[in-house]
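Structure record follows, encoded as structure tokens.
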Amino acid sequence: MNILLQRIIDKAIHTGNLTVTGPNGATRTYGDGTGDKVHMVIHTKRAERAIALHPSLAIPEAFMEQELDFVEGDVLSFLHLIYENLGISWTDSSWGKLLNSARLAFRPLQQLNTTRRSKKNVEHHYDLSGALYKLFLDDDMQYSCAYFERPDMTLEEAQLAKKRHIAAKLRIKPGQSVLDIGCGWGGLGLYIAKTFESEVLGVTLSHEQHQVATDRAQAAGLDRNVHFEIRDYRDLSERFDRIVSVGMFEHVGINQYQTFFDKCATLLKPDGVMLLHTIGRTAPPTTTNAFIRKHIFPGGYIPALSEMMPAIEKSGLAVTDVEILRLHYAETLKHWRERFLANRDKVKQIYDERFCRMWEFYLCGSEASFRWQDLVNFQVQLTRKNDVLPMTRDYISKCEKTLEMHEMAHGKEVAQDKPGTKAKASPKSNRNRRVSGGK
């Protein structure tokens, strides 16, 4: 085995049970022998050299190219072992600090998310086949962190709870105008339009998502209340009572944070409320994982609160509430990973073995980062005036209970409209069952 790689593993792995077989057939075991055994086989010298030089990129790439396999354990158990040894604060080491400083220097160049580049980045991930996402997402195609009020909730239940939680924090009133920045396949916009009889505008840069969302609005008979458009948020000029953005801020890039919040402040009416739901980190600012940046989310970046707050303050928006969702995304990703692997053969029919391996590593790596590293979800509530919302947070839980009772009384068709299905109620009947957030 490559001597440099041996030394790296020797220094990194102190606990656990890791066996590595090199391309020449030589096998070595690392750790103290505790825990489940993980056996990694490296098939080529090229992969072995690459892993020694840049393991965070080369290991997933070697797995993608079938130059690396796990004959005992799997990707998730391997990452658990690695993170247990490295810990969350690996950058506290001298080498870690030096490497992180070098990467931070190049970070602005990696996130030059101009309008054209943002569209290209979105197309890279979100314009994949809709059939792929239907194989592992919930029925409403929510591609963001669910909200597990109970550990035994199904993915569908937790995603519906997420929509209730967000709507409650927005404190929507019937008939208000709502902007959904990064609307995905339209689930949240449809939920808000149907539940509150609001006028919703959802914007996306993905043609695939736009088509699905538009078809869903028409099938649900809500196309007079909710509209989905292919537009960059920077091109908007309308003003809205409420603004929501879920899972989009990760694609903005640090260079555009001030632009984003300045634009939101302009779009939000004086007595408006905004809710920003984004992946975040509890550790200091760093850089995007090389594998994720290259193969999954080009231009993407997960912020620390310390990077978001200065831009919010300068924009004139006021932070009225911050909630940290811990482990909710780990559980969401567990559901996605299990569904993806259960449908792996179908995914392979749509794409190929390399794609299946790439996405397996992506889903496992993401779950591991939320479960054993520093990734969380932020829900940041923003207003332009400090007297828009009640003085205590009691209204949030009260509204959630009202929404849940409303959904139970009228059936799941109020909560979601599955892609490709017809709604059970007409827009006219919706007027008799709207609810008011926070009342």
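Figures for the structure shown
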item	result
Residue ID - surrounded by the most Cβ atoms within 10 Å (Cβ to Cβ), chosen from residues in the stretch 195-223 that are among the charged types (D, E, K, R) and modelled with pLDDT of 95 or more	216
Residue within the stretch 410-417 that is modelled with pLDDT under 95, farther than 19 Å from residue 332 by Cβ and acidic (Asp, Glu) present	yes
Residue match in the stretch 350-373 (condition: open to solvent by less than 20 Å² (accessible area, probe 1.4 Å) and among the β-branched types (Val, Ile, Thr))	no
Residues of the stretch 224-270 that turn out to be small (Gly, Ala, Ser) and open to solvent by 10 Å² or more (accessible area, probe 1.4 Å), as a count	3
Hits in the stretch 209-234 - residues which are assigned to a helix (DSSP H, G or I), free of Cβ contacts under 8 Å to residues at least 60 places away in the same chain and under 24 Å from the mean Cα position of the chain (by Cα)	210, 211, 213, 214, 217, 233
Those residues of the stretch 178-193 which are among the aromatic types (Phe, Trp, Tyr) and either assigned to a helix (DSSP H, G or I) or farther than 13 Å from residue 142 by Cβ (or both), in sequence order	191
Count - residues of the stretch 394-409 that are open to solvent by 80 Å² or more (accessible area, probe 1.4 Å) and modelled with pLDDT of 95 or more	3
Residue list for the stretch 251-292, filter: assigned to a strand (DSSP E or B) and in contact with a Pro (Cβ under 8 Å, 6 or more places away or on another chain)	278, 280, 281
Per-region count, the stretch 360-378, residues free of Cβ contacts under 8 Å to residues at least 60 places away in the same chain and under 15 Å from residue 69 (Cα atoms)	0
Residue tally, condition farther than 19 Å from residue 80 by Cβ, out of contact with any strand residue (DSSP E or B) (no Cβ under 8 Å at 6 or more places or on another chain) and not basic (Lys, Arg), over the stretch 6-29	3
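The values are calculated or read from the model by the stated rules, or taken from the named source; none is laboratory data. This one's a predicted model, so the numbers in the text were calculated from it and none came from an experiment. As a convention, Cβ positions derive from the backbone with ideal geometry for all residues, glycine included, and neighbour counts pool all protein chains shown. When the accessible area is computed, the model is the full protein with side chains, heavy atoms only, and any ligands, DNA or RNA have been set aside. Shrake-Rupley method; radii C 1.70, N 1.55, O 1.52, S 1.80 Å.
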